[in-house]
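Report on the following structure.
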Amino acid sequence: MKKTGLRKMLHRKALSAVTALAISGLVPAGFAIAGELEINAELVASSMDVYVEQGETKSFNFNVKSDGNVTDADVTVPTKFAISANGTFTSSDSTTVKLNDKDMEKKVSAVIKVDPNLQAGKYTFNFITDQNVTFTNNNQKEAKLENKKPDSITFVVTKKLVSDTTAPVVTATPDRAPNANGWYNQDVTVSFSAVDEEGGSGLVPESVSAPAPVSEDGIHTVTGTAKDKAGNEGSGSITIKLDKTAPTISGSADREANEHGWYNKDVTVTFEAEDNLSGVADYTRSVPLTEEGKDQSARGTAVDNAGNSSSTEVLGINIDKTKPVINVEDGGTYKLNQTVTWSASDELSGLATAATGTIDTTKVGPQTQTITATDNAGNTRDVTISYNVEYNFGEVLQPINKDGSSVFKAGSTVPVKFQLTDSKGAFISTANATLRYAKSSNQVFGDSVEAVSTSAATSGNLFRYDASSKQYIFNFSTKGLTGGTYQITITLDDGTTHKVVIGLK
């Protein structure tokens, strides 16, 4: 068969194939015969995007055209389309378009109907055929009818326009909740979310305010906004109370220490706190210090309503409640002008007064003296002691033997003599001394008879002081006394008595 005859036969076959194509998309796509011969009947949408609302039925146009290789073709295309609620595409009704080499393109009017419950979005449908047709000539040559690359139409389904005068609802949300008092003590970030009313025009997501950081102390109103597609703008606010500054606290003792920096009674340290923003929630009111010790301290803490805290210490509190110790003998006996010392000590605050002193021994006889010691805390101890001060009495001097062995002639005058000194050996001339005697036995111990005084007997009972000999002398008259042993008692004004025994024959 000649090539021209084959072309005509294939042309007729192609026309019948075009009109018989089943459409699974929108309209059939172009196709071609493989090999040397080509026939195209290509259908192209006049608009690639068709905008339609939910529930809308809308008319639109597309073109059907040939590439010029078709001499005469009748192409049947659907003209009524529908998209169901689940997005399934269907078509009904059709029209036949006649194409030839002189009229290669025809406009087709169509209608699209969208289910009102179809979700808004883009729905694309391709122009494809569902079969290939193969022709065989007498020479066993094959010509294959194939689909060309399909075209497509995209339906952009939008929400049904409604009247919308209500602004979106904007919610401000901090990144965490405040404390129980409604305060924060660290930086806060507030985020915003928004929703438009059901059935409204819809939220514009990019219009929602970005997160807002809050970093400065104070009470802040943080506001965010959002818009819907109808242009309504809504706003939402939240109050953020931020206090990152700790409260101040100070303390002091209930009284001043003495001039030495010491207390001698319990001390109470009281505190005061202040916070200019969130306010003081709690603080240490007072701390009692009742123990003795040096360099004691009291600590106070304050917390504000935001949870910030601060502390302070009152230092250097010295407490000594114990009196000093005085070391001295009570009831002692000392010699006239003897140096007798006492001492005082204080282990904690130390002594404010002298640590040592002397007892007054400048007067003889029973004495009392009060010794006072005060420490640096002001504690004072008074100790009153009783003691005796005596002369330094050596012994009875000759002619009387101190061992009581002296024997004198009855009726004679016997000189009784002694000396007095102080603790340092100085002679005492101002003492008051008296003498008394008593017979203790009719016997006389000893044989010798001592010499007697040639001086006149002393009247009364007082000794006299002889400055030249530095002696106290009493000429004891034994006139009228019978033989025997006599005890002579010397009494001094220091309260002491001294006895000696003599015999008379």
note = Non-local residues with an amide H under 5 Å from the amide H of TYR51, with H modelled 1.01 Å from N and Pro and chain starts lacking one, are VAL156
request  = Using only alpha carbon pairs under 8 Å that are at least six residues apart, calculate the relative contact order of region 302-412 and give it in whole percent.
outcome  = 25
note = Once phi for every residue in region 435-442 is put through the Karplus expression 6.51 cos²θ - 1.76 cosθ + 1.60 (θ = phi - 60°), the whole-Hz ³J(HN,Hα) values, with Gly and Pro written as x, are 10, 9, 9, 7, 6, 9, 6, 7
remark   = Spelling it out for VAL416: with amide H atoms placed in the peptide plane at 1.01 Å from N, the residues 5 or more places away or on another chain with amide H under 5 Å from its amide H are PHE474, ASN475, PHE476
request  = Once you've got the Cα coordinates, tell me which of LYS335/LYS499; LYS58/LYS229; LYS402/LYS505; LYS335/LYS439; LYS335/LYS470; LYS439/LYS470 are over 21 Å apart.
outcome  = LYS58/LYS229; LYS335/LYS439; LYS439/LYS470
Segments 240-252, 350-362 sorted - mean Cβ within 10 Å per residue, highest first = 240-252, 350-362
message = Using Cβ counts within 10 Å as a stand-in for footprinting exposure, how do TYR465, TYR51, TYR472 rank, fewest first?
response = TYR51, TYR465, TYR472
remark   = Any residue on another chain or 5+ positions along whose placed amide H is under 5 Å from the amide H of THR353 is listed here as THR374
request  = Considering the options ASN461, GLN487, SER405, tell which one lies farthest towards the positive end of the dipole of region 392-504, charges being +1 on Lys and Arg and -1 on Asp and Glu at the Cβ, about the Cα centre.
outcome  = ASN461
ask   = Can you give the extra length, in nm with one decimal, that the chain gains between ASP103 and THR173 once fully stretched, where that is 0.36 nm per residue apart less the Cα-Cα distance?
value = 18.5 nm
request  = Give me the net charge of SER215's neighbourhood, meaning all other residues with Cβ under 14 Å from the Cβ of SER215; Lys, Arg count +1, Asp, Glu -1.
outcome  = -3
remark   = Going residue by residue through region 326-333, the Karplus relation 6.51 cos²θ - 1.76 cosθ + 1.60 with θ = phi - 60° gives ³J(HN,Hα) values, rounded to whole Hz and with x marking Gly or Pro, of 10, 9, 7, 8, 9, x, x, 10
message = So for region 392-504, averaging the separation of alpha carbon pairs under 8 Å that are six or more residues apart and normalising by length, what relative contact order in percent results?
response = 37
query = How large is ³J(HN,Hα) for each residue in region 223-235, as worked out from phi by the Karplus curve 6.51 cos²θ - 1.76 cosθ + 1.60 (θ = phi - 60°), to whole Hz, x for Gly and Pro?
reply = 10, x, 10, 7, 10, 9, 5, 8, x, 6, 10, x, 9
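Bear in mind that the values in this text are calculations on the coordinates, not laboratory data. Note that the structure is predicted; figures quoted are calculated from it, not measured. Note that each Cβ is placed from the backbone with ideal geometry, even for glycine, and that neighbours are counted across all protein chains shown.
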